[in-house]
Amino acid sequence: MSPVRPLRPSDLPEVLRVQRSAYAEEYLEPVEAFARKLDLFPPGALGAVEDGSLVAYLFCHPWTLGEAAPLHAADLALPTSPDCLYIHDLAVRADRRGRGLSADLVDAALGIARRMDLNACALVAVQLTEPFWARHGFRRDRRLEYPPGRAAAYMVRP
Ligand SMILES: CC(C)(COP(=O)(O)OP(=O)(O)OC[C@H]1O[C@@H](n2cnc3c(N)ncnc32)[C@H](O)[C@@H]1OP(=O)(O)O)[C@@H](O)C(=O)NCCC(=O)NCCS
């Protein structure tokens, strides 16, 4: 089982490499957007390390239920009265998929929501991952385009 640990600023170059192996061009966020999320809510920046390399990551933070968090935002701010934990990004390096590595990271995020007494967890499922999230107990609330032109689903897990 791969160890999940909090991310540090020095992990961000590896986060960018994992991101590039996991997402189509229009989803790619700049290092500033990751640095902002890490800075805003450090416990929600999680990585999985194998053989000394970062092979997967998850970013989550408190948020407002019903809202999709902006992509590419270097000035992201947290709401004053959050009512959900928002999973902003989950990626497993292409050569390490298919072994359930993501489950440890998702479980860690759900644990954060429970400890913070947030009654829901939400996310935008992109790249046809709606069935993957459904397996983790998320249900589609609505369809949306995210970013514009790309079909996605806003999903919630009570
Ligand atoms: C989605 C992702 C995080 C899953 O990571 P993973 O740890 O390799 O997950 P696994 O392949 O081991 O999948 C776990 C289970 O979910 C299923 N699954 C994985 N991706 C799926 C998908 N897109 N649709 C339906 N089921 C999926 C697998 O079949 C597997 O089922 P099993 O337990 O019966 O074998 C990974 O594929 C990834 O990084 N994708 C690119 C980035 C991305 O789109 N992230 C989600 C953004 S919202």
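Laboratory data are not the source of any read-out in this text; all were calculated from the coordinates shown. Worth saying up front: this structure is predicted, and the values here are computed from it rather than measured. Neighbour counts are summed over all protein chains in view; Cβ atoms, including those assigned to glycine, are modelled from backbone coordinates with ideal geometry.
Which whole-number percent is the relative contact order of the chain (Cα, under 8 Å, 6+ apart)? Numbers along the way, then the final one.
Values: 290 pairs, mean separation 32.2, N = 158.
Relative contact order for the chain comes out at 20 percent.
If each residue of separation counts as 0.36 nm, what is the full-extension length gain between residue 107 and residue 8 once their alpha-carbon separation is subtracted?
On the way: separation 99, 0.36 × 99 = 35.64 nm, distance 1.99 nm.
Once the chain is fully extended between residue 107 and residue 8, it gains 33.6 nm.
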**Prompt:** Taking every eigenvalue of the Cα gyration tensor of the range 4-157, multiplying by 5 and rooting it, what semi-axes result, largest first, whole Å?
**Reply:** 21, 18, 16
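Kindly provide the trypsin sites (Lys or Arg not before Pro) of the range 97-139 that DSSP labels as loop, not H, G, I, E or B, and whose Cβ sees at most 16 other Cβ atoms within 10 Å. The partial results should precede the final answer.
Details: sites: 97, 99, 114, 115, 135, 139; in loops: 97, 99.
Those that pass, being in a loop and sparsely packed, are 97, 99.
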**Message:** If a paramagnetic tag sat 7 Å from the Cα of residue 142 along the Cα-Cβ line, which residues of the range 55-71 would have the backbone N under 14 Å from that point?
**Reply:** 65-69
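If you add up the charges near residue 78, with Lys and Arg at +1 and Asp and Glu at -1, over every other residue whose beta carbon is less than 13 angstrom from its beta carbon, what do you get?
Working: positive: 36, 37; negative: 39, 67, 75, 83.
My count for the surroundings of residue 78 gives -2.
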**Asked** Are there chymotrypsin sites (Phe, Trp or Tyr not before Pro) in the range 16-86 that DSSP marks as loop and that have at most 16 other Cβ atoms within 10 Å, and which are they?
**Response** 23
**Request:** Would you work out which of 82, 123, 33 lies farthest towards the positive end of the dipole of the chain? Charges go on Cβ: Lys and Arg +1, Asp and Glu -1.
**Result:** 123
